[in-house]
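Trainee: So that we are looking at the same thing, I have put the structure below in structure tokens.
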Amino acid sequence: MKKISIIILCLLVFLGAGLGVYFYSQKGKLAVEDVLAEGPLAYIHFSDIQKNLKEIAASPVWQSLSGLNYDRLLSSGQISQEQREFIESAKARFMDVTTHPLFQKVFGQEVALAVYPADIDLISLSSMDISSLAGFMEKALSSIVLIARIPPDVQMAELFTGVVRQYGADVTTETLDYRKQKIHIIHFQSLNMKVAYVRVKDLLILGVGEKAARMSLDVLGKDKPALTGDPLFKQARTAFIDAGGMTGYWNLEKFFALLKEQASAFTSLASQEKGTERLDDPVQDVLDANAGFKTGSFSVKLGALTRLQTAIFFNRQEMSADVARFYDTCAPVENKTILFVPKETIGYHWGTCLDLGFFWKQIKKEIARIEDQSEKYTAQDRLDAVEEFLGLKIEEDLLPAIGNEFGGFLTGIQSGGMFPIPKLLLFLKVEDKNTIDDLLANVTENPFFVLKEDTYAGIPIRYMSLPFGEDLQPAYAYVDNYLLVSINRPLLKEAMDTRQDKSRSLLASESFRSVHDGGTDKNINIQFFKTDDLLQQLEETFGWANNWVSTTDKSKLAFKAGAEKRLADTKNGVPLQEGELKDMQVRVDALDKQIAELGAQGLPKDDKEKELQSLKEEMDNKQKDLVAAREQVAELEEVIQGYEKHTKDAAQRQMLLDDLVYPLFKGLRSIKAVGAQTTVDEGSMRTTVLFKTGE
């Protein structure tokens, strides 16, 4: 018993020591954000780089891109030699860089890049010489800070010694003591540019010039606030995925402030010539539209279920009236449309941001701006004519009758008939059914197509009867407060059946659930694509289109053969006609001589002159025939060239499908489903996109 107690005690001691070492090492570990200063314009952070790159390289999508037959695409003219060389070079560089020992050691774990505002004057660029330009570029690039987490065994001095040896005398090095740290400086003489780095624990801080190293050391010395304390960054960070492989941040407020500053400088310069102090309208419009936006962020986490999250943070009180109205319109609501979307759906969209009043206002503003006052009919005259045709007032009647929810779903593409028919249904939230009914009655009233009415599950369906069967019968009906429109009447009935049985809806789809946390939660939009089935049906549709075009190609080849025969016959006839004309010319010359001799002898020459006149008329006709034959030869040659080009295009089209489109589709089908949903609150709009992959 005593031995057991001793063993347990030893184990506890070892465990405690291990935990102590671990927590001590974590406590001493610097986060990248702890050595970066606050206030960057943009920031991007990568972690588990080597692991993620291996996953990307092993993915079916990357494999399909790598396996493309670029030589065949080049020979068929689908890509240029320059494009092929660029693609091959990019592939080779990707593989070389990611497998290079230096990359794996220095950039294989964690890397961050921060871009700070640069104190530069863009206007001065126009008057700079080459020598000044180098200094300008160094000043601009010095605002970029690169940080990498490196293993303890990596000796940076040895690594950079290799760089120095590679460039020889063109490169010199020096060291600078700053805050009890050594900043290493590499000077590229021919570029007149310096690169400096400093190592703090396991972090390598690198930049053009000394600015990046000094700034980070100032942060560590508490003389500059760190990025972790930046209020806007802290706000954006709340939207990051935990343990994401890639995160990014964009200070929108500072970016547009800098844009306005530079634009104002240009405007100030231009005002000396034009006498204006206001920014150009396009620039001012951009600034107005982006007023109130604070930050943007994104984060990605790779895996069997890859997650992408984006967020935009804003202050509604600082926004322009039009932009603020958009966010007011896009209020999150419960998604009720999914209850009539069938389980077999392969594509679905629902959104709440349809603000027709805003779009109508913009249309009227644009019409007023471009209207030509000299025209007979004004824009208002044309608007009155449209409203007369519709039978209602757009602003007073139509716009209030339409809600702000809209969307649609696709259950497949039927390609077995005369032509592909998408099984597509569109829907729209309706606030006033009577107004919409009046509109549809006026629009569909015509002598060519008569609307019929059917009742299904107690709901009237109005449809247009066409001689193609039910699969191509434009129809509409109401389900709840939504107007449903489709070219496929049975799809309307399927939506009605689905509405009565939740187990038949998209909510019961395993693919949908794999990429959506909730389908009826309050959001402003939802998207879903069953990617593998959608791409399979698109491939079949492409195949149908290719077969249809190939059928027309066969008839064109038959026409080409006929044209080639006519060309051969016409070409063979031209020398014969030319020979006949020469013979006629000999006879004309002979008759001219005979007539002259008869005239000299005082003998009658009327018969010869008549014969000559007749021969010349025959010769003129023959000459016209020869000209027509030559023109026909040129026309037939042009026609045949067109057929030959079309034949070549057909071969290229088939090669493009076989060597590019279909292989890409095959790789992309490894993404089984894609789902996205967006929500908005008082100060942010957030989107989550999920990619479900499989073998």
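The values are calculated or read from the model by the stated rules, or taken from the named source; none is laboratory data. Remember, it's a predicted structure, so these values are computed and weren't measured experimentally. Counting neighbours? That spans all protein chains shown, and the Cβs are built from the backbone with ideal geometry, glycine included. For the accessible areas, the whole protein counts, side chains as well, though only heavy atoms, and no ligand, DNA or RNA atoms are used. Shrake-Rupley method; radii C 1.70, N 1.55, O 1.52, S 1.80 Å.
Trainee: In the range 511-519, is there at least one residue being touching a Ser or Thr at 6+ places or on another chain (Cβ under 7 Å), surrounded by 18 or more Cβ atoms within 10 Å (Cβ to Cβ) and either at pLDDT below 90 or not in a strand (DSSP E or B) (or both)?
Mentor: So in the range 511-519, the residues touching a Ser or Thr at 6+ places or on another chain (Cβ under 7 Å) come out as none.
No; the residues of the range 511-519 include none that is touching a Ser or Thr at 6+ places or on another chain (Cβ under 7 Å), surrounded by 18 or more Cβ atoms within 10 Å (Cβ to Cβ) and either at pLDDT below 90 or not in a strand (DSSP E or B) (or both).
Trainee: Here is a follow-up. Those residues that are surrounded by 19 or more Cβ atoms within 10 Å (Cβ to Cβ), aromatic (Phe, Trp, Tyr) and part of a helix (DSSP H, G or I), I need them from the range 229-266; list them, please.
Mentor: Phe233
Trainee: In the range 677-692, what residues are over 18 Å from Ala324 (Cβ atoms) and open to solvent by less than 10 Å² (accessible area, probe 1.4 Å)?
Mentor: If the condition is that a residue be over 18 Å from Ala324 (Cβ atoms) and open to solvent by less than 10 Å² (accessible area, probe 1.4 Å), then Leu690 is the only one that fits.
Trainee: Under 6 Å between Cβ atoms, at least 6 apart or on separate chains: pull out the pairs that start in the range 311-328 with a residue that is at positive phi and end on any residue that is hydrophobic (A, V, I, L, M, F, W, C).
Mentor: none
Trainee: A further question follows. Tell me which residues, restricted to the range 332-361, are part of a strand (DSSP E or B), open to solvent by less than 20 Å² (accessible area, probe 1.4 Å) and either aliphatic (A, V, I, L, M) or at pLDDT 95 or above (or both).
Mentor: Going residue by residue through the range 332-361, those that are part of a strand (DSSP E or B) are 333-334, 342, 347-351.
Those left that are additionally open to solvent by less than 20 Å² (accessible area, probe 1.4 Å): 342, 347-348, 350-351.
Scanning the range 332-361 gives Pro342, Gly347, Tyr348, Trp350.
Trainee: Do we have Val430 as open to solvent by 60 Å² or more (accessible area, probe 1.4 Å), under 34 Å from the mean Cα position of the chain (by Cα) and under 22 Å from Trp350 (Cα atoms) here? Working first, answer last.
Mentor: On the way: open to solvent by 60 Å² or more (accessible area, probe 1.4 Å): no; under 34 Å from the mean Cα position of the chain (by Cα): yes; under 22 Å from Trp350 (Cα atoms): yes.
Judged against the criteria, Val430 is not a match.
Trainee: May I ask you to list pairs of residues, at least six apart or on different chains, whose Cβ atoms are under 7 Å apart, with the first in the range 378-399 being within 17 Å of Gly357 (Cα to Cα) and the second being open to solvent by 60 Å² or more (accessible area, probe 1.4 Å) and modelled with pLDDT of 80 or more?
Mentor: Glu387/Lys393; Leu392/Asp438
Trainee: Then there is this: I'd like the full set of residues that are over 30 Å from Lys565 (Cα atoms), of a type in the set (S, T, N, Q) and loosely packed, with under 13 Cβ neighbours inside 10 Å, limited to the range 586-621.
Mentor: We begin by selecting, within the range 586-621, every residue over 30 Å from Lys565 (Cα atoms); these are 586-617.
Retained after the next criterion (residues that are of a type in the set (S, T, N, Q)): 594, 601, 613-614.
Scanning the range 586-621 gives Gln601, Gln613, Ser614.
For every residue, the table says whether it meets (1) in contact with a strand residue (DSSP E or B) (Cβ under 8 Å, 6 or more places away or on another chain); (2) surrounded by 16 or more Cβ atoms within 10 Å (Cβ to Cβ); (3) of a type in the set (A, V, I, L, M).
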{"residue": "Lys502", "(1), (2), (3)": "no, no, no"}
{"residue": "Phe528", "(1), (2), (3)": "yes, yes, no"}
{"residue": "Thr531", "(1), (2), (3)": "yes, yes, no"}
{"residue": "Gln537", "(1), (2), (3)": "yes, yes, no"}
{"residue": "Ala545", "(1), (2), (3)": "no, no, yes"}
{"residue": "Thr570", "(1), (2), (3)": "no, yes, no"}
{"residue": "Gly573", "(1), (2), (3)": "no, no, no"}
{"residue": "Gly579", "(1), (2), (3)": "no, no, no"}
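Trainee: Under 8 Å between Cβ atoms, which residue pairs at least 6 apart in sequence (or on different chains) link something in the range 428-447 that is within 16 Å of Ile394 (Cβ to Cβ) with a partner that is hydroxyl-bearing (Ser, Thr, Tyr) and loosely packed, with under 13 Cβ neighbours inside 10 Å?
Mentor: Partner pairs satisfying both residue conditions: none exist.
Trainee: Please go through the range 661-676 and give me each residue that is open to solvent by less than 40 Å² (accessible area, probe 1.4 Å) and in a helix (DSSP H, G or I), ordered by number.
Mentor: Within the range 661-676, the first condition is being open to solvent by less than 40 Å² (accessible area, probe 1.4 Å), and the residues that meet it are 661, 663, 665, 667, 670-671, 673-676.
Scanning the range 661-676 gives Val661, Pro663, Phe665, Gly667.
Trainee: For the range 160-180: of the residues being out of contact with any Leu (no Cβ under 8 Å at 6 or more places or on another chain), of a type in the set (D, E, K, R) and modelled with pLDDT of 85 or more, which is least open to solvent (accessible area, probe 1.4 Å)?
Mentor: First, pick out the residues of the range 160-180 that are out of contact with any Leu (no Cβ under 8 Å at 6 or more places or on another chain): 160-177, 180.
Next, from what is left, pick out any that are of a type in the set (D, E, K, R): 165, 170, 174, 177, 180.
Filter again for modelled with pLDDT of 85 or more, leaving 174, 177, 180.
Numbers: Glu174: 91, Asp177: 112, Lys180: 209 Å².
Residue satisfying both the conditions and the ranking: Glu174.
Trainee: Of all residues in the range 318-331, which are part of a loop (DSSP other than H, G, I, E, B) and either open to solvent by 50 Å² or more (accessible area, probe 1.4 Å) or over 11 Å from Ile524 (Cβ atoms) (or both)? Write out each step before concluding.
Mentor: Of the range 318-331, the ones part of a loop (DSSP other than H, G, I, E, B) are 319-320, 330-331.
Selection gives Met319, Ser320.
Trainee: When you look at Gln500, is it under 34 Å from the mean Cα position of the chain (by Cα) and over 23 Å from Gly403 (Cα atoms), yes or no? Spell out how you get there, then give the answer.
Mentor: Values: under 34 Å from the mean Cα position of the chain (by Cα): no; over 23 Å from Gly403 (Cα atoms): yes.
Here the answer is no, as Gln500 does not meet what is asked.
Trainee: Considering only residues that are closer than 24 Å to Gly351 by Cβ, open to solvent by 40 Å² or more (accessible area, probe 1.4 Å) and either modelled with pLDDT of 90 or more or in a loop (DSSP other than H, G, I, E, B) (or both), which ones fall in the range 272-293?
Mentor: Asn290
Trainee: If you don't mind, another one. Can you find even one residue in the range 517-539 that is more than 30 Å from Val689 (Cβ to Cβ) and either of a type in the set (D, E, K, R) or touching a helix residue (DSSP H, G or I) at 6+ places or on another chain (Cβ under 7 Å) (or both)? Walk me through how you get there before you give the answer.
Mentor: First, pick out the residues of the range 517-539 that are more than 30 Å from Val689 (Cβ to Cβ): none.
Checked against the condition, which is being more than 30 Å from Val689 (Cβ to Cβ) and either of a type in the set (D, E, K, R) or touching a helix residue (DSSP H, G or I) at 6+ places or on another chain (Cβ under 7 Å) (or both), the range 517-539 yields no hits at all.
Trainee: In the range 530-569, which residues are at pLDDT below 80 and of a type in the set (S, T, N, Q)?
Mentor: The answer is Asn546, Asn547, Ser550, Thr551, Thr552, Ser555.
Trainee: So which residues in the range 453-467 are under 26 Å from Val341 (Cβ atoms) and either open to solvent by 80 Å² or more (accessible area, probe 1.4 Å) or part of a helix (DSSP H, G or I) (or both), if there are any at all?
Mentor: First, pick out the residues of the range 453-467 that are under 26 Å from Val341 (Cβ atoms): 453-464, 466.
Scanning the range 453-467 gives Glu453, Thr455.
Trainee: Within the range 622-639, which residues are open to solvent by 60 Å² or more (accessible area, probe 1.4 Å) and either in contact with an Asp or Glu (Cβ under 7 Å, 6 or more places away or on another chain) or among the charged types (D, E, K, R) (or both)?
Mentor: Passing the criteria: Lys624, Asp625, Arg630, Glu631, Glu635, Glu637, Glu638.
Trainee: For Ala157, are the conditions met, namely being modelled with pLDDT under 75, part of a helix (DSSP H, G or I) and touching a His at 6+ places or on another chain (Cβ under 8 Å)? Outline the logic, then answer.
Mentor: Numbers: modelled with pLDDT under 75: yes; part of a helix (DSSP H, G or I): yes; touching a His at 6+ places or on another chain (Cβ under 8 Å): yes.
So Ala157 passes the test.
Trainee: Restricting the search to the range 468-483, which residues are assigned to a strand (DSSP E or B) and in contact with a Leu (Cβ under 6 Å, 6 or more places away or on another chain)? I'd like the intermediate steps shown before the answer.
Mentor: So in the range 468-483, the residues assigned to a strand (DSSP E or B) come out as 475-479, 482-483.
Answer for the range 468-483, where residues must be assigned to a strand (DSSP E or B) and in contact with a Leu (Cβ under 6 Å, 6 or more places away or on another chain): Ala475, Ala477, Leu483.
Trainee: If you don't mind, another one. Name the residue that is nearest to Glu539 (Cα to Cα), counting only residues in the range 389-440 that are out of contact with any strand residue (DSSP E or B) (no Cβ under 9 Å at 6 or more places or on another chain) and of a type in the set (Gly, Ala, Ser).
Mentor: Once the filter is applied, the top-ranked residue is Gly416.
Trainee: Could you tell me which residue of the range 294-317 is farthest from the chain's Cα centre (by Cα), considering only residues that are open to solvent by less than 40 Å² (accessible area, probe 1.4 Å) and aromatic (Phe, Trp, Tyr)?
Mentor: Within the range 294-317, the match that is farthest from the chain's Cα centre (by Cα) is Phe314.
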